[in-house]
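What follows is a single structure, written as structure tokens, with notes after it.
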Amino acid sequence: MSQATESDERLLIEAAQNDPSRFAELYEQNFHRVYAYVARRVRDRAETQELTAQVFQKALANLGKFKWRGSPFAAWLYRIASNAIADRAKQKIRESTDQTDPSSESSTATDLEAVERRARLFRAVERLPEDQRRVIVMRFADEKSIREIGEELGRSEGAVKQLQFRALENLRNRLNEK
């Protein structure tokens with residue numbers, strides 16, 4: 001994100017914190033990327049629409065708690081979305097174990113393990129150094145190319161590749177610790 005875009009986004013967030021009716025601008029800027037993020041993980045249109053709406057409802061309700069830390073507003077929305085997706089998966093697992101036979105418990109445990117792995121990954125990404133976290137979010141959540149990231153960050157493609165490499169190494173080490 002360029003310096004101008006970053007400061008514009010920060011001003012927009014502050015305006016929305018002071019006047020919730022200004023949240024519509026943040027919604028418009030981020031709706032498609034949050035919807036795509038959820039859709040890639042859920043694969044059911046109705047559920048994607050419901051979860052996306054939930055993400056923006058939670059974001060609006062908690063906007064006053066949002067603290068600017070230099071990462072894109074979308075990163076915060078992705079975290080809300082990942083939590084909503086994980087909560088929905090856990091809810092489905094609970095519902096399926098209440099209604100099914102004991103033989104399905106192994107698939108339920110596998111589903112729960114996948115949700116937990118994903119949650120650990122998101123927590124590990126949040127703990128990365130700022131520049132590494134931004135590259136990971138832009139590369140894998142926003143699905144931008146190395147060139148696009150370099151242009152946005154004002155860095156060479158080689159520098160972006162190096163940041164991505166370090167971030168992935170960092171994540172691998174953090175996830176293997178546990």
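Observations on the structure shown:
- All positions within region 130-156 that are touching a Ser or Thr at 6+ places or on another chain (Cβ under 9 Å), at pLDDT 90 or above and surrounded by fewer than 13 Cβ atoms within 10 Å (Cβ to Cβ): G154
- Screening region 1-88 for helices (runs of 4 or more DSSP H) wholly inside it with 1 or more residues that are at pLDDT 90 or above, at negative phi and in contact with a Pro (Cβ under 7 Å, 6 or more places away or on another chain) returns the ranges 45-61.
- Of the residues making up region 134-172, those that are within 27 Å of A39 (Cβ to Cβ) and not in a helix (DSSP H, G or I) number 4.
- In this entry, Q57 is excluded by the filter for residues that are outside the structural domain of M138 (by TED's automatic domain parsing), under 21 Å from E143 (Cα atoms), surrounded by 12 or more Cβ atoms within 10 Å (Cβ to Cβ) and of a type in the set (S, T, N, Q).
The values are calculated or read from the model by the stated rules, or taken from the named source; none is laboratory data. The structure presented is a predicted model; accordingly, all values stated were derived computationally and were not measured. Ideal geometry is used to build each Cβ from the backbone, glycine not excepted, and the neighbour counts take in all protein chains shown.
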